[in-house]
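Please treat every number below as a calculation from the coordinates, not as lab data. Given the structure is predicted, the values throughout are model-derived calculations rather than measurements. Counting neighbours? That spans all protein chains shown, and the Cβs are built from the backbone with ideal geometry, glycine included.
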Amino acid sequence: MKPVAFHPLARVLHWLMALLILAMLFVGVSMVSDLSPRHTWLISLHKAIGLALLLLVIVRIGVRLSLPHPPLPDDLPPLQRWAAKASHLLLYGLMLAMPLLGWGMQSAGGYPLPLQLPALVPHDLQLYALLRQAHGWLAYVLFASVLVHLGAALVHGLVRRDAVLRSMWPGPLPKD
Amino acid sequence: MSTPLHGRPRALRLAAIGFGLTALAAGFAYAAGWIGAERLTPKRIIDTFEAQAGHYPGYRKNHAKGLCVSGYFQSSGAAAKLSTARVFSQARVPVIGRFAIGGANPHSPDASVPTRSLALQLRSDDGQQWRTGMNTPPVLAVGTPEAFYQQVLAMTPDPASGKPDPARLQAFFAAHPESAAFRQWAKDYKASDSFASSSYNSINAFALIDAAGKARYVRWSLLPQTPFAALPAQVDDNDYLQHDLRQRLNQGPLRWTLQLTLAAAGDAVDDPSQPWPAQRPTVNAGTLVIDQVDAAEQGACRDLNFDPLILPSGIQPSADPILAARSAAYSESFNRRSREAAQLGARR
C-alpha cells in the first residue's frame, strides 16, 4: 500500500534543505562578485552550509531509498511523468555533486579545508580549474532546476489541484 | 479532492506562478550583480590590471613576475603570549614563499619596479596554515577598494610614453590627502640591490588572539638581516633580482626577523593608508630562513593563492576593507590563471 504523503522525516529534510539550498545559491552567487568584508563572512557561511548540506543529502538519499513514497497521480501524461522522474534524479545528483565539487575544488586549489577535513583530490591547478568551473556552472543548473521544480509544484497545487503538493506539505497534512 | 482549473482562473494562476518564479530569478540576478547598479567587483579590478599591463595567460594578475623559494620559520617564542597560533611557539615551521616585483607584466625589468613583495605560507604541525602577502611599502596610498581602483585608473599608462600621466596622478593624490604617508615613503624610498636586503610589510592590520581570548591588533614586517646596499643606477640585467637571489642562496641561507608592531588605542587598524606612530612597541616573533630557490615559474609556490585571509586560529582579520578586497581579488586572479593553465596544458 503506497502512502498518500511523504514520511514526516522526508518532509522535514525536504524543506530544511530547500531553504538551505536557496540560501546557498544566493550566498554563492553574490560572494563571488563581492569584495567587501561581507565577502569573507559569506565564504565561511557558504562552507559551513555546504558541509551541512552534504550530510543532509546523504541522510536524505537513505530515506528516499528506504521509506515508501507516494506515487505520481494516475492521470499524469507520460511526458510529464518522465519529466518528474528525470528532474528529481537531476536534483538529487546536483545536491550530492555540489558540496563534493566544493570540497574537491578547495582540495585541488591547495586551500586549507575547514575542520581539517582531508583533501578529496590532490593539489592540481588544472584540476582546480575544472572543478571550480563545474561548481559555478552546475550552480546555475541547480538554480534553474529549483525554479522548474517550484513551478511544477505550484502548478500541481494551484492549477491541477491534485495530491502532489500536499504530499510534501511542510506542516501537518491538511484534511480534504 | 478538488478538480483541475480551466479557463480564466487557470490562466490567472499560471500567470501568478510565472510572476513569482520571474521575481525569484530576478532576485538571483540581482544578487549575482547581473542587474542593478554597477559595482566594483573582483572581476573588474583584475580586468583593469589586464587591460593596462596586457594579457599574460597563466600568470598571476598582479605581482606577475616572481620566483618560488622555501625555508623555515624559527619562532622565538616571544609572540606566543600574544597569540595561540602554533607558528609562534613551534621551533621550526616549514615555509613556502614567493619573491616578486609589483605589476601585472611578467616581463618587466626587475629594477624598473619600486614595489617588491614576499608571500609566505607557513604550515605548522597542528595542520594549520598561515598565508601572508607582504610588500615593500609599509602603507598603501588609500584605504578603500574604491579609492584603490581610482588609483589604478589614474596610473593607466599613456600609450605614447608607456608611463602614467603625471598630471592625472597628481590630481588623484590631490583628491586623496590620505595618501600623504605613502607619498612620503615613495619620496624617501631607496631601492636596495636585492630581495635579500628588502623589508616586507603586512600593510593591513590583524588581530592576535591570546590564550585568554584577548585580541591585540598588530601589523607585521620582515626586516632583513642582510645589510642594505643601494640598487646600482644602471642595471642592464632584466632579471637582476632573480639572479642576485640565486647567487646569494648558493652561498648560504638568507634571514629576516619577523617583527610584530602592536597598535595602541586609537591607531587606525582598519585603514592601511594610515601609519602608526614610530614609538609603538614591537615584538620579535622569530626568524625567517630562506635556503632554497626554484627555477623560474616552477616550484611549490606557483599553484598557491597567497590569500592574506588564510589564517591559523590565533590570528584574525581586521575590519580593513582593503584586506577583504585583496582576498577577493587574489581569488579571482587564481581562478583566472588556473583556467588559463588548463587551456595552455590542453594545447601542449
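Treating only the Cβ atoms of Lys and Arg (+1) and Asp and Glu (-1) as charged, compute the dipole magnitude of chain B about its Cα centre; round to the nearest 20 debye. Intermediate values should be presented prior to the final figure.
Details: 35 positive and 28 negative charges, 195 e Å.
Using only the charged Cβ atoms, the result is roughly 940 debye.
I'd like the FRET efficiency for A:L16 and B:F228, computed as 1/(1 + (r/R0)^6) with the beta carbon distance as r and R0 of 56 Å, rounded to 0.05. The calculated FRET efficiency here is 0.35.
The C-alpha atoms of chain A occupy a region whose extents along the principal axes are 54, 31, 31 Å, arranged from largest to smallest. Potential lengthening of the chain between A:V4 and A:L165 amounts to 56.9 nm, from the contour at 0.36 nm per residue minus the alpha-carbon distance. Say we join alpha carbon atoms closer than 10 Å with springs in a Gaussian network model of chain B; which of B:F28, B:F73, B:F182 then has the biggest fluctuation? Residue with maximal mean-square fluctuation among B:F28, B:F73, B:F182: B:F28.
Would you mind classifying the stretch B:105-249 by shape? Square roots of the alpha carbon gyration tensor eigenvalues, ordered a ≥ b ≥ c; an a/c under 1.5 is rounded, otherwise it is prolate if a/b is larger than b/c and oblate if not. Don't skip to the answer; put the middle values down first.
Details: a/c = 2.10, a/b = 1.20, b/c = 1.74.
Cα axes put the stretch B:105-249 in the oblate bin.
State the percent of C-alpha pairs, over all pairs in the stretch A:103-176, separated by a distance greater than 14 angstrom. Please list the in-between numbers first.
Working: 1914 of 2701 pairs.
Value for the stretch A:103-176 (Cα pairs over 14 Å): 71 percent.
Among B:E297, B:E38, B:E332, the largest mean-square fluctuation in a Gaussian network model of chain B, built with springs joining Cα atoms closer than 10 Å, belongs to B:E38.
Farthest towards the positive end of the charge dipole of chain B, among the residues B:L120, B:Y330, B:G143, is the Cα of B:Y330, using unit charges on the Cβ of Lys, Arg, Asp and Glu.
Annotation: lysines with alpha-carbon distance below 24 angstrom to A:K85 (same-chain offsets under eight excluded): A:K2. Pick from B:A212, B:A25, B:A175 the residue whose mean-square fluctuation is largest in a GNM of chain B, springs joining Cα atoms under 10 Å. In the Gaussian network model the winner is B:A25. In summary, the lysines within cross-link reach of B:K163, defined as a Cα separation below 25 angstrom excluding same-chain residues under 8 places away, comprise B:K43, B:K61, B:K65, B:K187, B:K190. Extending 7 Å from Cα along the Cβ direction at A:W82 and again at B:L12 yields two label points whose distance is 3.6 nm. The angle between the Cα long axis of helix B:42-53 and the main principal axis of chain B comes to about 50°, on a 0 to 90 degree scale.
Express the relative contact order of chain A as a whole percentage, based on alpha carbon pairs under 8 Å and six or more residues apart in sequence.
26 percent
For a straight C-alpha distance cut-off of 22 angstrom, the lysines reachable from B:K214 (same-chain residues fewer than eight places away being disregarded) are B:K81. Working from label points 7 Å from Cα in the Cα-to-Cβ sense, the B:T3 to B:A278 distance is 9.3 nm. Per-residue ellipticity at 222 nm computed for the protein assembly as shown from its helices equals -14500 deg cm²/dmol, with DSSP H segments shorter than 4 residues left out and the rest contributing -39,500 (n - 2.57).
Compute the Cα gyration tensor for the stretch B:193-348, then decide on rounded, prolate or oblate, letting a ≥ b ≥ c be the square roots of its eigenvalues: rounded whenever a/c is under 1.5, prolate when a/b is larger than b/c in the other cases, and oblate in all that remain. Oblate, because a/c is 1.5 or more while a/b does not exceed b/c. On full extension, the segment bounded by A:A153 and A:L115 gains 9.9 nm, given 0.36 nm per residue less the C-alpha separation.
Need one word for the protein assembly as shown: rounded, prolate or oblate. Basis is the Cα gyration tensor (sqrt eigenvalues a ≥ b ≥ c); a/c below 1.5 gives rounded, then a/b vs b/c decides. Let's see the in-between values first.
Values: a/c = 2.40, a/b = 2.05, b/c = 1.17.
It comes out prolate by the Cα gyration axes.
Principal-axis analysis of the Cα atoms of chain B puts helix B:240-251 at an angle of about 60° to the longest axis.
What FRET efficiency would be calculated for the residue pair B:A160, B:K187, taking the C-beta separation as r and a Förster radius of 30 Å, to the nearest 0.05? Don't skip to the end; give the middle numbers.
Details: r = 26 Å, r/R0 = 0.87.
FRET efficiency, B:A160 to B:K187: 0.70.
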